Structure formats: C-alpha cells, structure tokens
Amino acid sequence: MTEKERILQLRELLHRYNRAYYVDSTSLISDFEFDALMHELEALEAAHPEMADPNSPTQRVGSDLNTNEFQTVVHAVPMLSLGNTYSPEEVTAFCGRVEEGLGRKDVDICCELKFDGLSISLVYEHGNLVRAVTRGDGTQGDDVTNNVRVIKSVPLAIPADAGCPEHFEIRGEVLMPWSSFHALNEEREIAGEPPFANPRNAASGTLKSKSSAVVERRKLDAYFYQLICDEIDVATHHEQLLLAKKWGFKVSEHIEVVHSAEEVQEYITRWDTARRDLPVATDGVVLKVDNLAFRQALGMTSKSPRWAIAYKYKADRARTLLRAVTYQVGRTGVVTPVANMDPVLLAGTIVKRASLHNEDMIEKLDLHIGDFVFVEKAGEIIPQIVGVDLEHRAAAPEEIGEKVRFATVCPVCHTPLTRYEGEAGTYCPAEYGCAPQMKGKIEHFVSRDAMGINSIGPKTIDVLYDSGRIRDIADLFDLRISDLCGADGSRERSAMNMLRGIEESKQKPFHKVVFALGIRFVGKVAAKTLAEHFKSMDALCKAGEEELQAIPGIGPVIGKSVVNYFRDEHNRKLVERLTAAGLQMQQEEKGAESGAPQVLAGLRIVISGTFEKHSREEYKALIERCGGKNQSSISSQTSFILAGEGMGPSKRVKAEKLGIEILSEADFLERYGL
Ligand code: IVH
C-alpha cells in the first residue's frame, strides 16, 4: 500500500472509530490505539501536504491560530421558525387543523424533543461537509464551518458505502451537554469570569468563538432533525431521519411516530418529567406531520409551516416580593447583586435569594424595592428573576418602593466601585484591602485543584483572617500549631492535620502553584500551559505580553492579565515568600525525561487492595512515571488490574466478566522489570 493509500485508509478508519465513540457511544478500539493511528496519519499528512483535507480526522483538533471571521451566507432554503405554544389544548387544536386541512383522520405525527441550543445547517457535497451556517435571521447566517468541524459527533466525511446522495443539507441543534456546561461554569468561576446563565447561551457563545481550540475544549454536541434533499425517495420525515442516522448523524433516540392527538398529549406529559434525566437541555417538544406529501399539501403561513408546532414546557415559575438587594464581593473583586425575596416554593425548594448578575440586569428589569417579581427555575439552574409584575405595581402605586440603583461603594470595604469599559461586571478595586477578596484568594489557593489543602476550609480561613493570623496566601506557611489550636474551635489533632496539609502542599507540582496564585483568567488548563512553556516561576515572572500571546491557548486576555499580575510589586513579594517557603517553582521533568522506563506507556491500570512492597499511592505514582494511566474503576478499556490483598469480590467478578487480566504485586513487578 502506498503512503497516499494509507492516508485514505486511516482517514476512513478514524472517522469510523470517531463515529462509534461520539455518535453511537460504543468503543471499537482503545484510546491508545486510536491515538497511535492518529499520530500515524498526522505524520503521513505532514509528509504529503498535497493530500491536505479540511475534513481529515486530524482537523478535528481546534486551533488557536485561526481567528475566525464569520462570512455571511444566504440559506438555500430559509430556516423557518415554528409556531409556539404553551397550551396542550392548542396542540390538540393543531392536530385538528391538520386533519381538517388534509380532509382525513389517519395523519401520523412525529413527536420529537425540542432541543435547547442553537440551530445549525450543514451542507454536504459528495459525502463531505462543505459548510456549516448558523440560523442567523432565517434567511442568512454566519459561516461557522471551522468551529463545527471540532464538534466530534458531527460527521466530516460520510463513508462511501453509506449510500448518501451527492448533495444534501441537514439541520439540527448545536448543544452544550449539562456535563460540559457545569464544568465550564466551574472553570469560569475559578478564573473569575462570569458564568453562563444556561447551556443555550454557552453553546451560542462558544460556536461564535474566534478560536476553534476553545470550541473543541468546551465539548459541544449536535442532534439533527431535518433533512433537505430532493435526491432521496422516501415518503416520510421519520424515514429521512433514519437515513441520516445511517449516514452517521446523531438523531435523537426519543422520536416517536404516533397516530392521534391523545398519543401526542401522552408524549408531551411523559417527557415533561423524563427530559430532566437527559444529558442535554430541552425546552419542549416539536410535533411534525410525518408524511412529506401531506406537508406539501398543508403549506405554510407567512411565517411558519402549517405542518409543525412547538409545544414549550413552562419553566417552573413563582411570584414573590422583593425585599432588598444586597451585594456579594468575589475573589476577583467582582460585585454581584443579590435579590432578597420573601421565601417562595419553586420546583420543590424554598427560594429566597436570586442572583441579579450585574448592573445592566437591574436596569433592564427596572426593579423597585417592594416589587412583586417572577422567579423562574429552568432545569437545574439557579433561580432567576425574569420580570416584574407590573400589573400589581399599577394597581398599588402606593406600595412601590425606591428604585434599585447599583451600589457605588464596596459593601465591605467601602472603596468606590469601578466598571471597566465594555465589561458588564462592576469591581471593587481594593484588591489587598477588601476582606472577601483576600479570603477568596486564600480559599482558591487551598482548593482541591490548586494546592489541595483539604484540612483548611472557608470557615477556618474566616477565623484565621478575622483574627489577623493570616492576611495572604504566604502567611499560611508561617502558621504554627499555637496559631491553629482552637482556630475554629478545633483541638490539637485538627491543628496538626492543617499543618500537615500545608507542609504536603509544598510538594504540589509547579503548574498547580501557577493556578493557585489566582491570576485572573488563568484557569487550570492555562496554568498548565504556562508551566509547561516557561518551566519556572522566574521565567514566567519575566514573560512579556508578546511572548505570552504567541503561546497556543493563551491569547491576549490571559497574556495581559499575567503581565499585570507580575508587574504588581505586592504579587512579586508574595511569590518571593512562597519560594522561600519551599513551594515547587520549577516544572518537574516528565517521566520520560527523568529516565523512568516507559514500560507502561498507554496502559490503563486499576489498583485494588493493599500491597506489601509499596503503598497504593507509591504504585499510582510509579504507574504514571512509567507512562501508564491510573483508572478508578474497571471498564472495557482497562488493560489489567494490579491486585493486592483484599481486592473486593465485585471487582473480581467484573474483571472476569470483561476478561481483564488480574496481576499480583509480584507478577506486576516482574513482568515490567520494576
Ligand atoms: S424542526 C421548519 N425539530 O426549535 C421546522 N426544531 O422554532 C424546523 N428545535 O429554530 C425546525 N429541536 O432551533 C425542529 N426536534 C426539533 C427541534 C427544533 C429544537 C429548535 C430549532 C428551531 C426552533 C423552532
């Protein structure tokens, strides 16, 4: 086989494995084998630039170098919106209108979930993705092809034997699954960025990102629900979707074709609760006449088709009285307004506080103290004030209180607040004189993903800070047992625990230290990138903006923030004190460089039981040093189990069921010469 043939073969294989994993949720090969094939393809493509293909599996990796400029593209067929209703009766009326319009009773209705993301249209030529365009205004949208290519469940090239037509367009919804959404918001909070209000906003912000590397990291998904193609000969929408599924598109498994308005109602009722267990957000169901000829006959009104309707589930909503607006100051100094309301029952929990996000939100709602406000909770998101009951305000003008105006000084340290041009947030600039900011920085420093000092929590920090025993993160390393005894009502044993935690943190790797400093916008991933690039705190301190910006994954915002951080004398002193305390200020060399034999490269190992020669922790570290990966539970991906004394029986059963080898401590050490 020539190298060129091998390139084509590898592309097809990798597309197939990718589809199995991201669309069908099955794994045909191990990650290790997948990575090996991908590396082989990368190397061959580098040697044959004439074979470049934007749809190659190697192109699924995002890039920070492309700054996307989105071209406007006109849709070949307008992307219509649907008639919306919140009323089950109107859905039944819709079924009635359809039957009447067609003059028959036997009209199949395709029931689908209404995914809550943003709609997208993909165009394929000869089985290859050529363009991805957002809905825009329905007539024209933005070309976001580069960003869609890194959504792993979107097919880039459809296998030749799948029998797809030469040209077709397919539409669906780009979504951010709940798991990605929560992880993203957690990361943003740590980096001092405002969280996204819901997965839809997060997905839409992400898809419009200038960097496809950002899109890749945020793990979007896409479900497809409409095929536009004249070249195929099927009679129904449902059959079209089955074809799309065969070509490799992700099509919801929860689509049902029903035969009556009663069955439609049953679907709506069933999914009102069942949808809460789905991995992605949905906000209703879409009901579509299934027969394509019937659709043609029904036609459309000026705005939307007569053959479909969207039923939206009502968000859980309550009405209550706004008593006061208070303010919280975060680690980065951002001041968040909080609505304090009369307690009210909402979706099973009592709600009395809701975030008002920022000054603009207060303005938009035109809030007055004493207003009756509507509070909503969608899915598992924190309650939001979505509006004011203006009718009540009009009926009882004497009850209107003072208009809410955003605080002008910090509620804690009384420093005048600032709002930067183009930013929604308002900040307290007293970085080193404002207790919640100082405490927040220390909390971040000890947190799990930073220095991991579990024995010190927010309560202890409160006590230590308020009593003046610590003022900043470096003070932690000067603490003595007498400072800690009774710090939060604790005795000697917990004081010792705290000291041990502080001591152990000195061994935490350099990238954790970089993250723990709490430099604005420097999340876990950026900290690791910076640590790997600069290798030492000394080099990082001296980095210029240009050098920082040129690092893939860093960019201008983080670059500027890092430079500003180290420009500050206060921070430089802090780093000096941390260095003197003995924290890791150098990047540890990787296993391969430190000379450890990479005999476990690519292996996934589960450790179970207790051992004679080394502790579990030592074995875990050894596995990593030798290139292996520790897994916490057994899966089909596990290479083998390193079993000590007292391995649990359920683990043994699972391993035997999956045919996974169980190695004793001695066998393991002997086999790998360790
Ligand atoms: S069908 C002409 N099916 O809801 C019919 N739409 O206004 C085209 N949506 O903009 C839409 N899930 O973004 C359809 N299963 C589904 C859907 C769905 C979500 C969105 C779509 C559209 C809006 C309806």
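The values are calculated or read from the model by the stated rules, or taken from the named source; none is laboratory data. Everything numeric in this text was worked out from a predicted model, so none of it was measured. Cβ placement follows ideal geometry from the backbone for every residue including glycine, while neighbour counts extend to all protein chains displayed. Side chains included, ligands, DNA and RNA excluded: accessible areas come from the protein's heavy atoms. Shrake-Rupley method; radii C 1.70, N 1.55, O 1.52, S 1.80 Å.
Points worth noting:
- Selection from region 117-146 of residues that are assigned to a loop (DSSP other than H, G, I, E, B), surrounded by fewer than 21 Cβ atoms within 10 Å (Cβ to Cβ) and within 15 Å of the ligand (Cβ to nearest atom): 135, 136, 137, 138, 139
- Selection count where residues are open to solvent by less than 70 Å² (accessible area, probe 1.4 Å) and farther than 21 Å from residue 150 by Cβ, scope region 45-54: 2
- Restricting attention to region 65-107, the residues that are touching an Asp or Glu at 6+ places or on another chain (Cβ under 8 Å), farther than 30 Å from residue 143 by Cα and open to solvent by 60 Å² or more (accessible area, probe 1.4 Å) total 1.
- First in region 310-328 and in a strand (DSSP E or B), second anywhere and of a type in the set (Ser, Thr, Tyr), Cβ under 8 Å, 6 or more apart: 310/85; 311/85; 311/86; 312/85; 312/86; 327/336; 328/336
- Every condition in (1) within 12 Å of the ligand (Cβ to nearest atom); (2) open to solvent by 40 Å² or more (accessible area, probe 1.4 Å); (3) at pLDDT 95 or above is met by residue 200 except one, and the failing one is (3).
- Any hit, region 215-224, residues being surrounded by fewer than 21 Cβ atoms within 10 Å (Cβ to Cβ), under 19 Å from residue 118 (Cβ atoms), of a type in the set (A, V, I, L, M) and within 14 Å of the ligand (Cβ to nearest atom): no
- Test for residue 188: is it over 25 Å from residue 284 (Cα atoms), assigned to a strand (DSSP E or B) and away from the ligand (no atom under 16 Å from the Cβ): no
- When 621, 596, 601, 581 are screened for being touching a residue at least 24 places away in the same chain (Cβ under 8 Å) and loosely packed, with under 15 Cβ neighbours inside 10 Å, only 601 passes.
- Any hit, region 231-241, residues being in contact with a Leu (Cβ under 8 Å, 6 or more places away or on another chain), within 30 Å of residue 562 (Cβ to Cβ) and either charged (D, E, K, R) or open to solvent by less than 40 Å² (accessible area, probe 1.4 Å) (or both): no
- Restricting 546, 532 to residues that are within 23 Å of residue 212 (Cβ to Cβ) and in contact (Cβ under 8 Å) with a residue 24 or more places away in the chain narrows the list to 532.
- Which numbered condition residue 333 fails, given (1) in contact with a Cys (Cβ under 7 Å, 6 or more places away or on another chain); (2) open to solvent by less than 30 Å² (accessible area, probe 1.4 Å); (3) within 16 Å of the ligand (Cβ to nearest atom): (3)
- Yes/no for residue 57 being surrounded by 15 or more Cβ atoms within 10 Å (Cβ to Cβ), under 30 Å from residue 6 (Cβ atoms) and away from the ligand (no atom under 16 Å from the Cβ): yes
Rundown of residues vs (1) open to solvent by 40 Å² or more (accessible area, probe 1.4 Å); (2) in contact (Cβ under 8 Å) with a residue 12 or more places away in the chain; (3) among the small types (Gly, Ala, Ser), yes/no style:
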site: 366; (1), (2), (3): yes, yes, no
site: 370; (1), (2), (3): no, yes, yes
site: 375; (1), (2), (3): no, yes, no
site: 392; (1), (2), (3): yes, yes, no
site: 401; (1), (2), (3): no, yes, yes
site: 406; (1), (2), (3): no, yes, no
site: 409; (1), (2), (3): yes, no, no
site: 414; (1), (2), (3): yes, no, no
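- Verdict on residue 282 being modelled with pLDDT under 90 and within 16 Å of the ligand (Cβ to nearest atom): no
- Residues that are of a type in the set (Asp, Glu), surrounded by fewer than 16 Cβ atoms within 10 Å (Cβ to Cβ) and under 20 Å from residue 628 (Cα atoms) within region 640-674 comprise 661, 667, 670, listed in sequence order.
- Condition check for residue 293: open to solvent by 20 Å² or more (accessible area, probe 1.4 Å), more than 17 Å from residue 178 (Cβ to Cβ) and not in a loop (DSSP other than H, G, I, E, B): yes
- Any hit, region 306-328, residues being more than 30 Å from residue 190 (Cα to Cα), open to solvent by less than 40 Å² (accessible area, probe 1.4 Å), in contact with a Lys or Arg (Cβ under 6 Å, 6 or more places away or on another chain) and not acidic (Asp, Glu): yes
- Search result, residues across region 624-639 that are within 14 Å of residue 651 (Cβ to Cβ) and surrounded by fewer than 15 Cβ atoms within 10 Å (Cβ to Cβ): 632, 633, 635
- Only one of the numbered conditions (1) away from the ligand (no atom under 16 Å from the Cβ); (2) open to solvent by 30 Å² or more (accessible area, probe 1.4 Å); (3) farther than 30 Å from residue 441 by Cα; (4) in contact (Cβ under 8 Å) with a residue 40 or more places away in the chain is not met by residue 155, and that is (2).
- Each residue in region 380-395 was checked for being out of contact with any strand residue (DSSP E or B) (no Cβ under 9 Å at 6 or more places or on another chain) and in a loop (DSSP other than H, G, I, E, B), and 2 pass.
- Test: residue in region 443-451 that is within 29 Å of the chain's Cα centre (by Cα), in a loop (DSSP other than H, G, I, E, B) and among the aliphatic types (A, V, I, L, M): yes
- Looking across region 1-36, the residues that are part of a loop (DSSP other than H, G, I, E, B), of a type in the set (Gly, Ala, Ser) and either surrounded by fewer than 16 Cβ atoms within 10 Å (Cβ to Cβ) or at pLDDT 90 or above (or both) come down to 25, 27.
- Taking the listed residues 518, 457, 422, 452, the one that is under 21 Å from residue 566 (Cβ atoms) and of a type outside the set (Asp, Glu) is 518, with no other qualifying.
- Selection count, region 81-116, where residues are away from the ligand (no atom under 14 Å from the Cβ) and in a strand (DSSP E or B): 0
- One residue from 486, 518 being open to solvent by 10 Å² or more (accessible area, probe 1.4 Å), in contact with a His (Cβ under 7 Å, 6 or more places away or on another chain), modelled with pLDDT under 95 and assigned to a loop (DSSP other than H, G, I, E, B): 518
- For the residues 587, 631, 598, the requirement of being of a type in the set (S, T, N, Q) and modelled with pLDDT under 85 singles out 598.
- Hits in region 256-271 (condition: in a helix (DSSP H, G or I) and open to solvent by less than 30 Å² (accessible area, probe 1.4 Å)): 261, 264, 267, 268, 271
- Single residue of 244, 274 found to be under 30 Å from residue 160 (Cβ atoms), within 16 Å of the ligand (Cβ to nearest atom) and of a type outside the set (D, E, K, R): 244
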